[in-house]
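Written below as structure tokens is the structure these notes are about.
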Amino acid sequence: MRCLRGVLRGVAFGVWGVFVFLFAATTFADAPRDAASDVVLKLVAEPSAFVGDANGSASAVVGWRCDEVEQSGRNVATSVRGSAVYSPENRAVELNDARFELPTPQEVKSANAWTLVAVAEVREPLSIGVLASRDAAVPLVQLDVDENDRFRFIVRDVKGATVAACVPAPYRKPVFVAAVFETLDGKSRVRLTVGKETVESDAKPLTFPVWSEKIQIGGLDFPGASFSWRGAISEVALLNGAASQAEVERLRDALTQKYALDLSPTPGPKAPDSWDVLATPRFDGTPDREVATDVCVVGAGSAGCAAAISAARAGANVVLIERQKRLGGTGTNAFVSNWEGGPGDEIARELFDRMKADGGAGVAKEFPHQIQAPTGFKMVDDAEPYENSLVRANPPEGGYRSVAFLPSAFDKAVREMLAETGRVEILDETTFFQAEKSADGTRVESVLARTLNGSVVRVKADVFIDSTGDVFLCRAVGCETFLGVDPKSRFGEIGAPDDATFETTNGSPSGTTGGAETLRLNAIARCYLVEPRDKPKREIVAPSDRTSFPQCAYVSGWLDGPRTVNMLTTLPGAALIELGYDEASRRSERIVRNHWSWLQSQPGFENYELVEIAPMLGIRESYRVKTRYVLVEADLAAGWNAQQHDDMIAVADHPCDIHGEGGTLSSVKTAYGVPFRCLVPEPGPQNLLVACRGAGFSKIAASSCRLQRTMIQLGNAAGLAAAWAARDGVPVDAVDVGALTEKLDVRSRYPGLR
């Protein structure tokens, strides 16, 4: 068995994380026949052996002894004493100045029932490989703390079948007991007890054995991946058989008493999260200013900007509320300044033309590069026409084209287009936080927003459009929303799982806490901007700030000019909900600097310097609104010509693109349409539309149509419909949809649509 091989390049975030594992061998007289009773392996640390400061600037030293354990008349471990030293400089842990190896006990390696026991002082995530056994992607046995502060136990066999349990218990130093056992039908389960919390996985058939030839404690290192664990180990034990719950409780109580542990939940005060505007205390005072208008658009992302332009050009007076300094949302503030190949409308084309005229945009295609990692490298080629970027499903020769642009260029172009209407008031750096409905609840009467200097503005409007991305306005007025995976029973999607892992109703989260994951969302990206320099500043990461990162990138921009770098997956999507926006932002910046330190050493980037990290997270998925019609997987598979809708207001042809665990990237054969009903909340106020990534899409459909030029199309339709509803004094779903689709003329945006 190999112990303490290496604390790997980590995804550990923030302050030093200390793990101490302890086990007291106990014999249970009342244990059932198949219960855990034989100690197969036990490693014990000398007491009070950990040293080192919180930043990891000093080495951590632990004295070890490996107890002799008699098993079936033979020793399976050898007595040894030594020191385990953590070195921040080379991020390695060694025992006796060498790799510490013991044979994996055959009794456990071949068994389908066994128990791991540990006690850990947990200060932060991520701590992969508290105890792990793996040689490659499969098989796997792993006890760890994941990136969302959840205690997790995973078992995976050679065929990839996985059983896992996760406990989001708020303990700083709990007792861990992880057991594997078989059910009567021959399927396997895992049970994880952390402190006073116990969670059991679903039953699945597993192929044994799952143990590899080596066991790693305090680190995980295998070809193609690296994870991190920081800390000092005191004791680890592995038992034959699955401990009964009675055994678990007795063991937990004994260890709690032995080490004077406090198993009271210790969540600590949760810091207010700046992103969660709905947590803002209710305002019942007199606002500093009141504004009345025809249409109010909340959120100036791609859809919101298009909605304001469209509504104003249709004759409506518009107030546009945006919390960021730049208009453009994810494209300008999260630096996802790249339109993937796919159809757009006349507003997108006009934006492109204006940006290109200022030297801030161009059509980009794949260029050769020498980076030895998965990398998209799309650079502007001025010879490429805009039309080549309008198809993704069946791209032109040489691959699909995209549009690269500078965030500043988009902001400038949008402001020009809005100003030229003479009908739009922009309230930028102003955050929506509250909505007020009519007495009968059928209309949104007004919204409240707070400016950068703290003053409160009330905006009254005939029609409101929610383009906030996280559908804050819809949630504020009680619209029904979805979050995470949709069960097959919800929309009948072939690609959906039988059961949902998380859902929301009327804006309030609810869901299961068992299983490996309680929430799965499309991953978060944190992008950054780099520019060439004669003497570029080198990005040097201090040992205490090193962390793991995805060694891949999607780079767009100019061959000899500015480029934006998207590492695609920076944090799991669930971090937005479970950690909060502010904490996710803090952790992601550390990952970005590690990523750039690596990329700067790659061919083609040696003369580049980090200019700016995006001020906003690139959020691909959060809450979605239940609407009059929800676009689903079947719509994407059918394509425009087979869809049975007469209210198409947008067209898209991007693959289903889910970044992170459980993701798929399945192509669509041709373009599909988005009905107007996907913009009408159901149930919801009569004067409210939703146009953003949180509109009426299933999770699967949203992963395809969330792209910026599709959002521009949604905003264009919503703005036009809102202007007409305000002009005629009718509910948003009572506008002339036939006239709307004729005016938008979506068929002209894509070849071959009937």
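The values are calculated or read from the model by the stated rules, or taken from the named source; none is laboratory data. What you are looking at is a predicted structure, and each value in this text was computed from that prediction instead of being measured. No Cβ is skipped: glycine too gets one built from the backbone with ideal geometry, and neighbour counts run over all protein chains shown. Ligands, DNA and RNA are excluded from the accessible area calculation, which covers all protein heavy atoms including side chains. Shrake-Rupley method; radii C 1.70, N 1.55, O 1.52, S 1.80 Å.
With r defined as the distance between the Cβ atoms of Leu559 and Val158 and R0 fixed at 30 Å, what FRET efficiency is calculated, to the nearest 0.05? Don't skip to the answer; put the middle values down first.
Values: r = 46 Å, r/R0 = 1.52.
Once rounded, the FRET efficiency stands at 0.10.
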Using a 1.4 Å probe on heavy atoms of the protein chains only, the accessible area for Trp558 in Å², nearest 10, reads 50 Å²
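If you average the sequence gap of Cα pairs under 8 Å that are 6 or more apart and divide by the length of region 338-417, what percent do you get for the contact order?
Working: 117 pairs, mean separation 34.5, N = 80.
Over region 338-417, the number comes to 43 percent.
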Counting only protein heavy atoms and rolling a 1.4 Å probe, one gets per residue an accessible area for region 687-740 in Å² of 20 Å²
Site Ser408, offset 7 angstrom along Cα→Cβ, radius 15 Å on amide nitrogen, limited to region 361-400, gives 361
Most packed first (mean Cβ within 10 Å per residue), the peptides 678-691, 377-390 order as 678-691, 377-390
When every protein chain stays in place and a 1.4 Å probe is rolled, Phe283, Phe482 sorted by accessible area with the largest first are Phe283, Phe482
Residue-ordered couplings for region 382-395, obtained by feeding phi - 60° into the Karplus form 6.51 cos²θ - 1.76 cosθ + 1.60 and rounding to whole Hz (Gly and Pro as x), are 4, 7, 7, x, 4, 4, 5, 9, 9, 10, 10, 5, 10, x
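Sorted by packing (mean other beta-carbon atoms within 10 Å per residue), highest first, where do 408-415, 322-329, 197-204 land?
Working: 408-415: 21.8, 322-329: 23.5, 197-204: 18.4.
Per-residue mean Cβ counts within 10 Å order the peptides as 322-329, 408-415, 197-204.
Here are some pairs, Lys109/Lys187; Lys159/Lys204; Lys196/Lys488; Lys378/Lys743; Lys437/Lys488; which of them have Cα atoms lying more than 24 Å apart in this structure? Don't skip to the answer; put the middle values down first.
On the way: Lys109/Lys187 18 Å; Lys159/Lys204 12 Å; Lys196/Lys488 33 Å; Lys378/Lys743 34 Å; Lys437/Lys488 34 Å.
Listed pairs above 24 Å: Lys196/Lys488; Lys378/Lys743; Lys437/Lys488.
Using a/c under 1.5 as the rounded threshold, could you call region 536-618 rounded, prolate or oblate? The axes a ≥ b ≥ c are square roots of the C-alpha gyration tensor eigenvalues, and prolate needs a/b larger than b/c, oblate otherwise.
Details: a/c = 2.13, a/b = 1.55, b/c = 1.38.
Since a/c reaches 1.5 and a/b is larger than b/c, the shape of region 536-618 is classed as prolate.
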Taking 0.36 nm per residue of separation between Ser455 and Lys204 and subtracting their Cα-Cα distance, the length gained on full extension comes to 84.7 nm
For region 705-752, the percent of accessible surface on carbon and sulfur atoms (probe 1.4 angstrom, ligands and nucleic acids excluded) is 46 percent
Using a 1.4 Å probe on heavy atoms of the protein chains only, the accessible area for Phe472 in Å², nearest 10, reads 10 Å²
Pseudo-spin-label distance Glu420 to Asp745, built 7 Å along Cα→Cβ, given in nm, is 1.8 nm
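Show me the trypsin sites (Lys or Arg not before Pro) within region 644-730 that DSSP assigns to loop and that have at most 16 other Cβ atoms within 10 Å of their Cβ.
Values: sites: Lys669, Arg677, Arg693, Lys699, Arg706, Arg709, Arg727; in loops: Lys669, Arg693, Arg706.
Here the sparse-neighbourhood loop sites are Lys669.
Once the cut-off is 17 Å, how many percent of the Cα-Cα pairs in region 370-442 end up in the long-distance tail?
Values: 1860 of 2628 pairs.
In whole percent, the long-distance tail amounts to 71.
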Here region 297-307 yields Karplus 3J(HN,Hα) values (6.51, -1.76, 1.60; θ = phi - 60°; whole Hz; Gly and Pro given as x) of 9, 9, x, 10, x, 4, 5, x, 4, 5, 4
One quarter of the C-alpha convex hull surface, i.e. the mean projected area of region 647-754 in nm², amounts to 7.2 nm²
Between Ser188 and residues 5 or more places away or on another chain, the pairs with built amide H atoms under 5 Å apart involve Thr183, Lys204, Leu206
Full extension between Lys537 and Asp284 adds, at 0.36 nm per residue less the Cα distance, a length in nm of 86.0 nm
With every protein chain in place, the accessible area of Tyr259 for a 1.4 Å probe, in Å² rounded to the nearest 10, comes to 70 Å²
